[in-house]
Amino acid sequence: MFGIGNRTDEFELTNRAVLAKVCDELIELKRKQQGIFITTKVLNALKQFFLDGQRTWKCEALKGFFIVDHLGRVAGCHLRQPVTSIQKLSDQWNSESFENLRKEYSKCDKCTYLYYIVYSLHTSMLGNLEIIRDQWKNAGLLRSKITSHRGP
């Protein structure tokens with residue numbers, strides 16, 4: 001759907017009021033049943049963004065996530081040009097230049113890609129614990145799906 005350094009608006013959602021309502025409906029549905037795999041924290045952040053354009057998250061590109069293309073080039077996100085290669089990533093990860101890039105990316109407000117929002121809101125060990133707590137009701141559902149696909 002996209003490549004590093006290129007944005008495609010073809011799939012961008014535009015009716016903000018309807019999107020905020022969808023978030024409310026998904027939050028309510030999560031209370032009633034299993035199978036909604038997006039966290040309430042993400043849904044609330046999206047709702048806030050859809051209602052008033054205010055972002056409650058900072059981008060964690062090159063900290064909580066990064067993109068690797070088919071050539072092994074690494075970028076903080078697909079909207080930015082590659083900054084290194086997969087072979088050089090471990091040498092540059094803790095560098096001053098990467099820290100500067102992380103600071104720059106944290107100010108970015110150019111996208112609302114769901115994966116990036118999830119990774120930005122739930123980065124770190126605490127973020128992982130938040131996901132586990134939020135998705136606890138789905139654990140049995142996931143376990144049954146995994147065991148049913150194993151076969152005899």
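The values are calculated or read from the model by the stated rules, or taken from the named source; none is laboratory data. As the structure is a prediction and not an experimental result, all values here were calculated from the model. Every residue, glycine among them, receives a Cβ derived from its backbone with ideal geometry; neighbour counts consider all protein chains shown.
A count restricted to segment 90-109 and to residues that are farther than 14 Å from residue 66 by Cα, in contact (Cβ under 8 Å) with a residue 40 or more places away in the chain and either in contact with a His (Cβ under 6 Å, 6 or more places away or on another chain) or not acidic (Asp, Glu) (or both) stands at 2. Taking each residue of segment 1-28 that is at pLDDT below 90 and looking for partners that are in a loop (DSSP other than H, G, I, E, B) and not hydrophobic (A, V, I, L, M, F, W, C) with beta-carbon atoms closer than 6 Å, six or more apart or interchain, yields 2/8; 2/78; 4/69; 4/78; 4/82; 5/81.
Of the helices (runs of 4 or more DSSP H) contained entirely in segment 41-152, those carrying at least 2 residues that are modelled with pLDDT under 90, under 13 Å from the mean Cα position of the chain (by Cα) and of a type outside the set (Asp, Glu) fall at 114-121, 124-134. Look at segment 10-39 and say how many of its residues are crowded, with 16+ Cβ neighbours inside 10 Å and among the hydroxyl-bearing types (Ser, Thr, Tyr). Result for segment 10-39: 1.
Restricting attention to segment 69-87, the residues being over 20 Å from residue 120 (Cα atoms) and loosely packed, with under 13 Cβ neighbours inside 10 Å number 3.
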